[in-house]
Amino acid sequence: SLRCAFDKLGATDVKEREKLEVKRFLNRLLGLQLEQQSLLFDGFTQALTAVIAAAKRDGNYDEGVADISGSSVTLLAKQKQLWCDPVTGAIAGSAKVQVDRGVSFEQALEKLRAW
């Protein structure tokens with residue numbers, strides 16, 4: 001049962017479940033019987049899907065790092081540091097860029113002539 005699986009994870013208390021990090025949660029799943037792993041992982045993925053859907057709906061979803069591509073990418077403002085991880089020193093920053101994902105007039109004219 002779900003209650004039994006939470007007991008084995010050491011997360012019977014709601015406050016304990018809230019403190020459980022995803023990495024630790026997934027590692028602890030490995031110590032459970034397959035049936036319990038499946039039950040908890042299904043619940044986890046359903047909850048995660050709901051949280052992501054709500055964040056997207058509310059405009060708070062961040063897809064993370066993405067490659068920027070186009071026929072032209074221009075840096076408009078230098079990167080500014082937003083945050084620095086105190087443990088690893090990794091820096092999170094932002095930069096203002098202009099991306100042209102269209103085609104040049106010449107390329108459009110070539111496509112028109114070839115059509």
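Values as computed for the structure displayed
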{"read-out": "Tabulated pairs, region 62-82, first farther than 27 Å from residue 104 by Cβ and touching a residue at least 12 places away in the same chain (Cβ under 8 Å), second outside any loop (DSSP other than H, G, I, E, B) and open to solvent by 80 Å² or more (accessible area, probe 1.4 Å), C-beta under 7 angstrom, 6+ apart or interchain", "value": "81/91"}
{"read-out": "Helices (runs of 4 or more DSSP H) wholly inside region 1-84 that include at least 2 residues being open to solvent by 50 Å² or more (accessible area, probe 1.4 Å), modelled with pLDDT of 90 or more and farther than 30 Å from residue 96 by Cα", "value": "34-58"}
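The values are calculated or read from the model by the stated rules, or taken from the named source; none is laboratory data. Every value quoted in this text rests on a predicted model; they were computed, and no experiment measured them. Because the Cβ atoms are built from the backbone with ideal geometry, glycine has one as well, and the counts that use them run over all protein chains shown. The accessibility values were calculated without ligands, DNA or RNA, using every heavy atom of the protein model including side chains. Shrake-Rupley method; radii C 1.70, N 1.55, O 1.52, S 1.80 Å.
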